[in-house]
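The values are calculated or read from the model by the stated rules, or taken from the named source; none is laboratory data. This one's a predicted model, so the numbers in the text were calculated from it and none came from an experiment. Ideal geometry is used to build each Cβ from the backbone, glycine not excepted, and the neighbour counts take in all protein chains shown.
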Amino acid sequence: MKKSYINHISYYLPEKVVTNESLSKEFPDWSVKKIASKIGIDQRHIAASDEFSSDMGVKAAETLFNEYTHVSKSDIDFLLFCTQSPDYILPTTACILQDRLGLSKSTGALDFNLGCSGFIYGLTLAKGLIASGVAKNVLLICAETYSKFINKNDKGNRSIFGDAASATLVSDDKNGYGAEILNFKLGTDGSGAENLIVKGGGMRYRDSEIETYVDSYGNEATSNDLIMNGPEIFNFTSKNIPGLVMDTLKENNLNQDDIDSYIFHQANAYMLNHLRKKIKIDKEKFKLKMNFCGNTVSSTIQIVIAELMKDSEIKEGAHVLIAGFGVGYSWGATILKF
Amino acid sequence: MKSLQKFTELFAEQFDESEDVVFEPTTIFKDIDEWDSMIALSIIAMVDDEFDKTINGDIIKNANTIEELYNKVIE
């Protein structure tokens, strides 16, 4: 089977920054120290009112073509776009992006709707396209503007989520990062759908009155906003992710000692540390880089990889286990061999 | 199984800014100013770590005192 490699990653963060200080001013019982120490986030970037996932995706991709010159736009033969906050119901944002990025008209393009597991699933698709000979250079763009559907009185979600876009180049030849994508383990459990949901915007709620909800902790949201049942999501990850990590190691005939770094979807530092202890991963091997941007949904893993590569923290030959999990519920993991 | 006293101590450890609160089994925890969704998550994590038991949000929602919660944990 033809191998697939992640050769480069670039990302884009919107200009506007919301600090813990400004959140603490709005929610006086939410202290700066507490936000930082519990969730591990100092600030998050928020898309401008006239900035959407397509715009952010274009910026991330343009940065990739500037930073990585081994492949040009005309070499891209497939564009995958992952978002849950598309510009429109239709057309497909990936089609708009083909035009805005100036990619060839012979490029295949499609959107897929996944959240925090999106990057992993994007890699499964890219690898499949390459293995089947359909494509040689797949541009995988992930972009989210969750801020646009978070209620302004929902201090929990406003503290956790930030907007971002990332562009990942997956190719059939080893270059740049040259990280081979090894075997995957995936999982789905749609019984958790209600625990992380935006009801408005789809057809089911199209003609409904807007409903308002206040949870037992005072977080407010309407049926047009993001609603997250934190405890249920926490229990879902606690229950499923340790097994996912073990199964992924087994699938690749590797042991925990063979892994040089673990990069999990950067949900929040608190939950990640709980998982780290549960799986018994060394602190040094467990990468956390979310303090400057928050939980950016399907771009968190790419941001960590890009930052580690900038700092030369991933050596050639390193095995890096990456895992994404969240809304759906949907989860998946693989190992990258640099 | 850890005692109610130990559970109360572990429960209190999840609070960072409530030095003035005396944590007793009869304490109505939702009345503590610092109580919020993040502390609730810490309690769920603590119960998972220390008691190897998964409790959901409803169990916390339906308990008033630390002792009531403890009784659900050891059920």
Condition check: within 21 Å of residue A:332 (Cα to Cα), of a type in the set (S, T, N, Q) and more than 13 Å from chain B (Cβ to nearest Cβ). Does residue A:208 satisfy that? no
Is it the case, given these coordinates, that residue A:301 is farther than 19 Å from residue B:57 by Cα and either touching a Gly at 6+ places or on another chain (Cβ under 7 Å) or outside the structural domain of residue A:141 (by TED's automatic domain parsing) (or both)? yes
Out of all the residues in region A:99-130, which are of a type in the set (Gly, Ala, Ser) and surrounded by 15 or more Cβ atoms within 10 Å (Cβ to Cβ)? A:108, A:109, A:115, A:117, A:118, A:122, A:126
Residues of region A:239-270 being in contact with a strand residue (DSSP E or B) (Cβ under 8 Å, 6 or more places away or on another chain) and part of a helix (DSSP H, G or I), in sequence order, are A:240, A:241, A:244, A:245, A:247, A:248, A:249, A:251, A:258
Selected residue (only one of B:8, B:54, B:27 is touching a residue at least 60 places away in the same chain (Cβ under 8 Å) and of a type in the set (S, T, N, Q)): B:8
Wholly within chain B, helices (runs of 4 or more DSSP H) carrying at least 3 residues that are within 14 Å of another protein chain (Cβ to nearest Cβ) and of a type in the set (Gly, Ala, Ser): B:37-51
Among A:134, A:138, which is β-branched (Val, Ile, Thr), in the same structural domain as residue A:58 (by TED's automatic domain parsing), touching a residue at least 12 places away in the same chain (Cβ under 8 Å) and in a strand (DSSP E or B)? A:138
Which condition number does residue A:225 fail, the rest of (1) within 14 Å of chain B (Cβ to nearest Cβ); (2) crowded, with 16+ Cβ neighbours inside 10 Å being met? (1)
Please work out if residue A:287 is under 30 Å from residue A:61 (Cβ atoms), of a type outside the set (Ser, Thr, Tyr) and without any contact (Cβ under 8 Å) to a residue 60 or more places away in the chain. yes
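Every residue in region A:289-327 that is more than 14 Å from the chain's Cα centre (by Cα) and of a type outside the set (D, E, K, R), please. If you could, list the steps in order and put the result at the bottom.
If we filter region A:289-327 for residues that are more than 14 Å from the chain's Cα centre (by Cα), which is where we start, we get A:291-292, A:307-321.
Of everything in region A:289-327, those that are more than 14 Å from the chain's Cα centre (by Cα) and of a type outside the set (D, E, K, R) turn out to be A:291, A:292, A:308, A:309, A:312, A:314, A:317, A:318, A:319, A:320, A:321.
Quick one: which residue in A:162, A:218, A:176, A:202 is away from every other protein chain (no Cβ under 14 Å) and at positive phi?
A:176
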Within region B:14-49, tally of residues that are buried (at least 16 other Cβ atoms within 10 Å of the Cβ), touching a His at 6+ places or on another chain (Cβ under 8 Å) and more than 21 Å from residue A:41 (Cα to Cα): 1
Condition met for residue A:314 (buried (at least 17 other Cβ atoms within 10 Å of the Cβ) and within 27 Å of residue A:57 (Cβ to Cβ)): yes
Got a number for residues in region A:300-328 being touching a helix residue (DSSP H, G or I) at 6+ places or on another chain (Cβ under 7 Å) and either in a helix (DSSP H, G or I) or of a type in the set (Ser, Thr, Tyr) (or both)? 2
Conditions (1) more than 30 Å from residue A:204 (Cα to Cα); (2) assigned to a helix (DSSP H, G or I): number failed by residue A:105: (2)
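One line per residue, one yes/no per condition, for (1) modelled with pLDDT under 95; (2) crowded, with 20+ Cβ neighbours inside 10 Å; (3) under 12 Å from residue A:323 (Cα atoms):
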{"residue": "A:248", "(1), (2), (3)": "no, yes, yes"}
{"residue": "A:253", "(1), (2), (3)": "no, no, no"}
{"residue": "A:263", "(1), (2), (3)": "no, yes, yes"}
{"residue": "A:269", "(1), (2), (3)": "yes, no, no"}
{"residue": "A:292", "(1), (2), (3)": "no, no, no"}
{"residue": "A:301", "(1), (2), (3)": "no, yes, yes"}
